[in-house]
Amino acid sequence: MKLLFSTLFMSFFFISTSAQVSDSLQLGKNTREFFIKGDQKFKFSEYKKVFTNPEALGYMKKSNTNGTVAQIFGAIGGGFVGFGLAKEIFKTKITHQNGMTYKQKDKGGWGLVGIGLGAIGIGIPFAISANKNLKKAVNTQNQSIGTDETKKTSYKLDLSGNSVGVTYSF
């Protein structure tokens with residue numbers, strides 16, 4: 001009975017243990033946990049701490065630049081669209097001349113909307129490029145970690161003629 005319990009304990013012990021946490025880089029779900037490396041969580045602004053590979057750091061800088069340009073064009077375009085739509089909704093202008101009241105229509109509301117949509121259209125390719133460069137940076141960083149710095153940790157059960165052994169490689 002003792003042999004059975006000790007065998008079960010040892011088998012569960014080796015199955016449930018893990019030697020190390022993986023150092024591969026993953027993208028998080030929100031801005032506070034944008035990069036997840038092992039157990040650590042990093043913000044987007046801390047990307048210089050996360051990326052050690054110079055090629056991956058170059059991709060990350062491109063992604064940051066393209067994302068900034070996309071946000072600028074998106075904000076300008078959104079402002080023009082909003083202002084143009086507001087101008088179209090409230091397009092009558094009341095003026096008073098010589099005791100008379102005149103209603104005049106404002107012009108240019110749809111033109112501003114068109115300019116805004118054009119600016120947003122310019123920003124979309126920059127946003128797509130920023131996302132692609134971000135994914136390239138993460139993949140490049142993970143490939144460099146896998147080849148250079150880390151070794152695989154493993155357990156191996158060795159069975160030979162008269163003996164049984166467990167090999168732990170790290």
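The values are calculated or read from the model by the stated rules, or taken from the named source; none is laboratory data. What you are looking at is a predicted structure, and each value in this text was computed from that prediction instead of being measured. In this analysis, Cβ positions are derived from the backbone assuming ideal geometry, glycine residues included, and neighbour counts consider all displayed protein chains.
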query: When you look at Ser16, is it surrounded by 10 or more Cβ atoms within 10 Å (Cβ to Cβ) and either over 15 Å from Asn133 (Cα atoms) or modelled with pLDDT under 75 (or both), yes or no?
result: no
- prompt: So how many residues does segment 132-167 have that are among the small types (Gly, Ala, Ser), assigned to a strand (DSSP E or B) and at pLDDT below 70?
  reply: 1
message: I'm told Ile128 meets every condition in (1) loosely packed, with under 14 Cβ neighbours inside 10 Å; (2) closer than 30 Å to Asn142 by Cβ; (3) touching a strand residue (DSSP E or B) at 6+ places or on another chain (Cβ under 9 Å) except one. Can you identify the failing condition by its number?
response: (3)
task: Go through (1) modelled with pLDDT under 95; (2) farther than 30 Å from Lys107 by Cβ one by one and return the number of the condition Gly84 breaks.
output: (2)
query: Can you tell me which residues in segment 90-124 are under 30 Å from Gly67 (Cβ atoms) and of a type in the set (Val, Ile, Thr)?
result: Val113, Ile115, Ile120, Ile122, Ile124
Strands (runs of 3 or more DSSP E) contained entirely in segment 39-121, each with at least 1 residues that are surrounded by 12 or more Cβ atoms within 10 Å (Cβ to Cβ) and touching a helix residue (DSSP H, G or I) at 6+ places or on another chain (Cβ under 7 Å): 40-42
statement: Checked segment 19-38 for anything surrounded by 14 or more Cβ atoms within 10 Å (Cβ to Cβ) and either modelled with pLDDT under 75 or among the β-branched types (Val, Ile, Thr) (or both); matches are Ser22, Asp23, Ser24, Gly28, Glu33, Ile36
